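This report concerns only the one structure given below.
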Amino acid sequence: MAAPGKHVGRYVQRNSKFLLNNLDRLWGSHRSFGWTSLLRQQVAEPLRDSAETIVIPRKKTWSKEAVLEALASTVSQDPTAYPYQFQDDPYLTPRTLPEFKLYSLSIESGRSAAKYFIDNNPKFFAKDFAEPHIPCLMPETIAPLLEEVSEAALKERIHLRKVTAAVDLYDQLLQAGTSVSVETTHDLLDLLCLYCDRQPAEDGGPLQEDAEGSEEEAKRRRGKPRRPSDFLRSSWKENNNAERIFNLLPEKHTRCYSALIRGTVMHGAPAKAFSFYTDMLNNRVAGDVHIFNALISVAPDVREKYSERWDLITELLTQMQQQKVQPNLFTFNSVLKSLKRCGAPVRSQALHTLSEMKAVGIAPSLASFNYLLGVFYKSTSSGHGNTNILHDVMSELEGSSFTCQDPDDVLFFLSAMRICLDYKDLELGYKIQSLVEVGENWRLLGDPHQQSLYYGRFFHLLCMMENIDVVLKWYRRLVPSLYYPTSQGLKNLLQALDTDSRLDLLPTIWKDIRSLGHDNKEDLVLELLSLMSRDGHAPEIQESFAQCALGVKSVFDGGDRGNPRLEWSNSSLSHIATLLLRANKTKEAWDVLQLFKAKNRVPFDGLLEDFLSACGSDGSSQRAVELVQLSATFCLASTPQLAKRALEEFELTEEQRAVLTELQSAAEASD
């Protein structure tokens with residue numbers, strides 16, 4: 001009986017692992033967890049505490065975008081890809097900076113047109129298929145639905161930003177003897193002050209200005225370039241509807257004064273704003289933080305002397321304290337912004353303002369530090385001073401991630417990189433770029449134009465201060481995904497190649513110049529040709545230079561891209577001919593030489609000497625004679641020397657010798 005039991009024990013021991021695996025699979029198919037090593041240990045050991053409680057974790061609720069966010073976090077920046085906004089339509093992928101500007105405007109124009117059509121034809125877009133719901137893709141109500149003369153209709157027109165219609169309806173209500181609530185009147189006053197009593201254009205376009213105001217603005221700004229912000233401004237007029245409705249109010253509160261003061265500041269009437277503020281103080285009405293922020297921002301506009309400007313700002317801050325108005329971020333930013341226009345004597349007040357911000361528990365935004373830099377770094381190209389302030393700022397901001405809190409936050413990185421370029425501080429430039437790469441700080445670089453300026457300054461700093469290998473690494477990283485270099489940026493790259501004696505890379509850069517659409521910039525092309533033809537190089541490098549020169553020649557001849565031709569010059573023809581001669585492309589070089597006469601250009605003296613040497617290598621006596629004749633045609637001082645060399649070095653016929661002798665005698669006689 002013992003033998004069968006022994007066989008059974010061996011069978012169980014041999015197959016225990018198989019049974020355990022099957023038990024794992026069976027149990028895992030019915031439960032949400034499988035066997036773990038700890039659980040096996042607990043099963044093998046005696047159950048010591050059967051009363052132990054099991055804590056079930058709470059269910060995790062995921063957002064509908066969680067999967068997309070997780071996938072996006074696994075993808076890094078692709079330096080070879082074009083900007084994200086153009087990836088929906090590969091046909092419209094820009095290759096050059098002008099194309100980038102054109103396609104960007106085209107995309108925005110298309111979106112505006114689509115939005116206009118959707119809002120004006122909402123019946124065609126009644127169904128919402130988006131999951132989750134995207135409100136900006138659905139039509140908005142832009143036409144009033146209430147036609148009767150009532151306060152509800154007035155509220156609707158205020159909500160739809162119908163400035164003219166809202167004022168007309170308000171006057172109709174007053175004429176009919178219908179009282180309008182104070183809240184609705186304040187809403188109407190806010191609308192009038194925001195848009196300066198003018199009907200706003202659709203989709204945030206420029207305001208409609210009257211002819212008189214446009215003529216005055218044109219005379220004032222004659223000869224000055226207009227900025228985009230100029231098209232959004234309109235002047236505040238005396239006794240407009242906003243002031244009329246304000247005067248009709250039976251009781252004036254802080255909100256109506258706030259609307260008027262902020263409106264006059266926004267639309268270029270700072271003196272009027274302080275007049276309303278004085279009236280507010282006379283009526284013993286307490287101000288709010290928005291009133292003081294607006295007044296502080298325009299304090300330098302109403303005082304001439306620097307000391308008077310700072311005294312006015314101090315007075316406003318004192319009145320804030322007396323009225324127990326708590327400052328916010330925009331209060332301190334307004335002080336710092338105004339300090340830029342208060343002169344050097346009060347420069348130290350900027351640091352005191354920053355310390356006061358931290359003392360009251362308000363964290364500075366990027367705009368705060370931008371204003372601070374503006375106070376201490378006035379000149380854009382002085383080259384004097386130091387960057388200690390910016391170093392301190394970067395030490396405080398290092399590794400931080402930011403969100404936009406002030407519209408001027410987008411100016412910090414651009415200003416900081418300008419300072420690094422002015423003072424040639426490469427280490428600080430790297431710190432700024434590292435801060436841009438933290439989180440989504442890159443969004444605070446501003447619009448595409450500001451981003452181009454930022455990366456252009458950073459790349460210029462690299463070209464001046466860094467070795468060429470690092471410069472090329474950043475070049476491949478930035479172009480074209482983040483930066484479309486200008487012709488000046490490519491000239492900086494050529495100078496960096498020259499500084500580090502890496503002119504062998506010039507043909508590669510020429511391909512980029514063509515692909516980026518800068519092959520029509522004459523100064524850039526001449527810089528490239530000058531660098532290639534300045535010195536002699538190894539045969540393989542000269543061959544690549546010659547091929548590059550032929551490519552440049554095709555651009556001057558009109559090329560195959562439909563671009564306007566470049567004008568041949570003495571330098572361009574001489575450089576190309578020299579490069580072709582050094583690569584032993586005598587035939588192509590001779591064709592270029594004929595262009596001097598066709599284009600009425602004069603070759604360099606040394607070029608004809610090189611041609612004569614090439615004719616000697618080929619044993620072409622006839623070309624040597626033609627070369628001397630060409631030199632005599634241009635009345636070059638080297639003609640006698642060329643004729644003498646040709647007579648000594650070539651086997652000539654009597655006729656050729658007579659021609660050269662005559663040319664030599666004529667040239668010497670003219671000298």
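The values are calculated or read from the model by the stated rules, or taken from the named source; none is laboratory data. Because the structure is predicted, anything quoted here is derived from the model rather than measured. Because the Cβ atoms are built from the backbone with ideal geometry, glycine has one as well, and the counts that use them run over all protein chains shown. Side chains are part of the model used for accessible areas, which takes the heavy atoms of the whole protein and leaves out ligands, DNA and RNA. Shrake-Rupley method; radii C 1.70, N 1.55, O 1.52, S 1.80 Å.
Provide the gained length on full extension for the span Lys123 to Arg244, in nm with one decimal, where the gain is 0.36 nm per separating residue minus the Cα-Cα distance.
Values: separation 121, 0.36 × 121 = 43.56 nm, distance 3.96 nm.
Roughly 39.6 nm would be gained on extension.
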Please compute the modelled spin-label separation between Ala72 and Val360, points set 7 Å along Cα→Cβ, answer in nm with one decimal. 3.6
If I take R0 = 22 Å and measure r between the Cβ atoms of Ala271 and Thr318 in this structure, what FRET efficiency does the formula 1/(1 + (r/R0)^6) give, to the nearest 0.05? 0.55
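With the other protein chains left in place, how much accessible area per residue, in square angstrom, belongs to the stretch 347-432 at a 1.4 angstrom probe? Could the numbers behind the result be given before it?
Working: 3830 Å² over 86 residues.
Using a 1.4 Å probe on heavy atoms only, each residue of the stretch 347-432 averages 45 Å².
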Among the trypsin sites (Lys or Arg not before Pro) within the stretch 478-585, which fall in a DSSP loop and have no more than 13 other Cβ atoms within 10 Å of their own Cβ? Arg561, Arg565
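Please report the net charge: other residues with Cβ closer than 13 Å to the Cβ of Ser530, K and R +1, D and E -1.
Working: positive: Lys491, Arg534; negative: Asp498, Glu522, Asp523, Glu527, Asp535.
Combined, the nearby Lys, Arg, Asp and Glu give -3.
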For Lys511, give me every one of the aspartates and glutamates with a C-alpha distance below 12 angstrom, ignoring sequence neighbours fewer than eight places off in its own chain. Asp519
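Based on the mean of other Cβ atoms within 10 Å per residue, sort peptides 146-153, 629-636 so the most packed one is first. Intermediate results must be reported in sequence, preceding the final value.
Working: 146-153: 12.6, 629-636: 17.0.
Result, highest mean Cβ count within 10 Å first: 629-636, 146-153.
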Quote the accessible area belonging to Thr96 in square angstrom, nearest 10, computed with a 1.4 Å probe and with ligands, DNA and RNA left uncounted. 10
Given the pairs Lys155/Lys237; Lys155/Lys324; Lys272/Lys340; Lys378/Lys521; Lys64/Lys162; Lys64/Lys431, which are separated by over 27 angstrom at their Cα positions? Lys155/Lys324; Lys378/Lys521; Lys64/Lys162; Lys64/Lys431
With a 1.4 Å probe and every protein chain kept in, tell me what percent of the accessible surface of the stretch 68-191 is carbon plus sulfur. 60
Sulfur and carbon atoms: percent of accessible area, the stretch 594-671 [1.4 Å]: 46
Per-pair calculated FRET efficiency, R0 = 30 Å: Glu540 and Asn467 via Cβ, rounded to 0.05: 0.80
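Top to bottom by accessible area (1.4 Å), largest first, where do Glu156, Glu662 land?
On the way: Glu156 35, Glu662 130 Å².
Most to least solvent-accessible, the answer reads Glu662, Glu156.
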Considering only protein heavy atoms, what per residue accessible area in square angstrom results for the stretch 541-665 with a 1.4 angstrom probe? 48
Applying 1/(1 + (r/R0)^6) with R0 = 56 Å to the Cβ-Cβ distance of Arg347 and Asn570, what FRET efficiency is obtained, to the nearest 0.05? 0.60
Normalised by the number of residues in the stretch 452-595, what is the relative contact order in percent for Cα pairs under 8 Å and 6+ residues apart? 19
Carbon and sulfur together cover what percent of the accessible area of the stretch 295-373 at a 1.4 Å probe radius? 49
Label-to-label distance, nm, for residues given as Gln326 and Val55 (7 Å Cα→Cβ offset): 3.7
Extension gain Glu427-His253, at 0.36 nm per residue separation less the Cα-Cα distance, in nm? 57.3 nm
What lysines could a cross-link reach from Lys123, if we take a straight Cα to Cα line under 17 Å and drop same-chain neighbours fewer than 8 places away? Lys115
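Length gain on complete extension for the stretch Ser501 to Cys404, per 0.36 nm per residue less the alpha carbon to alpha carbon distance?
Numbers: separation 97, 0.36 × 97 = 34.92 nm, distance 4.40 nm.
Between Ser501 and Cys404, full extension yields an extra 30.5 nm.
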